[in-house]
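Bear in mind these aren't lab numbers, they're just calculated from the coordinates by the rules spelled out. Since the structure is predicted, the reported quantities are computational estimates derived from the model, not experimental observations. Quick reminder, even Gly has a Cβ in these numbers, built from the backbone with ideal geometry, and neighbours come from all protein chains shown.
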Amino acid sequence: MPDHILVANWKMNTSSREAELLAEVARRTAVHGVESVLCPPFVWLDRIRQIVEGSRVRVGAQNLHWEAKGAYTGEISGSQLRELCEYVIVGHSERRTLFGESDAIVAKKLHTAAAYGLIPILCVGESVEAREAGKTEEVIGRQVLNAVAYFGGERLLVAYEPIWAIGSGTPATPVQAQAAAGLILRCLETLPGNTDVSVLYGGSVSPSSLAGFLEQPDIDGALVGGASLDAEQYTEMVRIAATITT
Ligand code: PEP
């Protein structure tokens with residue numbers, strides 16, 4: 001297992017040229033001890049895969065459908081994705097809130113991802129209302145336990161992404177993130193002992209906040225949105241991840 005994992009979620013951003021440039025930067029800056037995973041929009045997956053081929057950089061998708069094929073206009077299946085990438089983000093809060101993905105749908109997607117040999121990056125995290133109501137642990141626990149109900153994979157990445165931190169410019173504190181990471185690991189104790197589990201923090205991570213998260217005992221990496229679209233910030237985050245040893 002690498003020392004740290006850095007997942008870049010480009011969301012619905014980048015032109016083909018911008019995506020190529022970012023992938024070239026990622027290829028050039030890849031270092032031993034940091035697992036860099038680029039998650040571009042579906043349409044650039046194949047191009048990015050070609051650019052980083054033979055390097056340490058890995059590629060992931062941002063979503064998948066739970067069926068292998070069929071009449072699901074606009075959807076992409078795990079059997080298609082496995083030809084293009086190794087990882088897939090599942091249950092991002094934008095999918096849950098904007099596209100109505102329930103815990104039950106997330107569980108089906110997680111199961112499917114693993115069934116096709118993809119490494120899932122499961123996202124969980126509470127809303128500001130839930131945090132203020134003292135329900136953070138309840139929400140995270142429910143999301144994690146429901147998601148892994150039929151999970152049978154060998155490797156799972158779980159990103160703690162509090163909704164109130166995503167895109168806000170204000171990340172959670174390392175102490176808050178560590179508390180959630182510890183809870184996530186306790187919830188995953190029900191998985192078979194040989195399952196390789198890593199916990200990431202996501203939500204307004206930037207070069208100035210990354211180290212604080214990576215220094216936490218239960219946090220293995222970060223899921224980065226906005227800052228991963230900036231070549232300079234991305235490069236700096238890879239450098240930071242490579243220098244922190246836990
Ligand atoms: C995300 O949406 O997964 C994310 C972490 O975004 P940002 O870094 O921009 O908050």
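A cut-off under 12 angstrom between Cβ atoms defines the neighbours of I119, and their net charge, with Lys, Arg +1 and Asp, Glu -1, is -1.
Under a model in which nothing but the beta-carbon of Lys, Arg (+1) and Asp, Glu (-1) is charged, the stretch 4-243 shows a dipole of about 380 debye around its Cα centre. The Cβ shell under 12 Å around E67 holds other residues with a net charge of +2, Lys and Arg each +1, Asp and Glu each -1.
Taking 20 Å as the straight-line reach from the Cα of K69, the aspartates and glutamates in range (excluding those fewer than 8 positions away in the same chain) are D46, E83, E86, E101.
The packing ranking of peptides 117-128, 40-51, highest mean first, is 117-128, 40-51, where packing means the average number of other beta carbon atoms within 10 angstrom of each residue. Within the stretch 75-122, the GluC sites (Glu not before Pro) that combine a DSSP coil assignment with at most 13 other C-beta atoms in a 10 angstrom radius are E83. When you filter the chymotrypsin sites (Phe, Trp or Tyr not before Pro) in the stretch 47-100 for DSSP loop state and at most 12 other Cβ atoms inside 10 Å of their Cβ, you are left with Y72, F99. Among residues other than K11 with Cβ under 14 Å from its Cβ, the summed charge is -3 (Lys and Arg +1, Asp and Glu -1).
Remark: the chain projects, on average over all directions, an area of 12.1 nm² (convex hull of Cα atoms).
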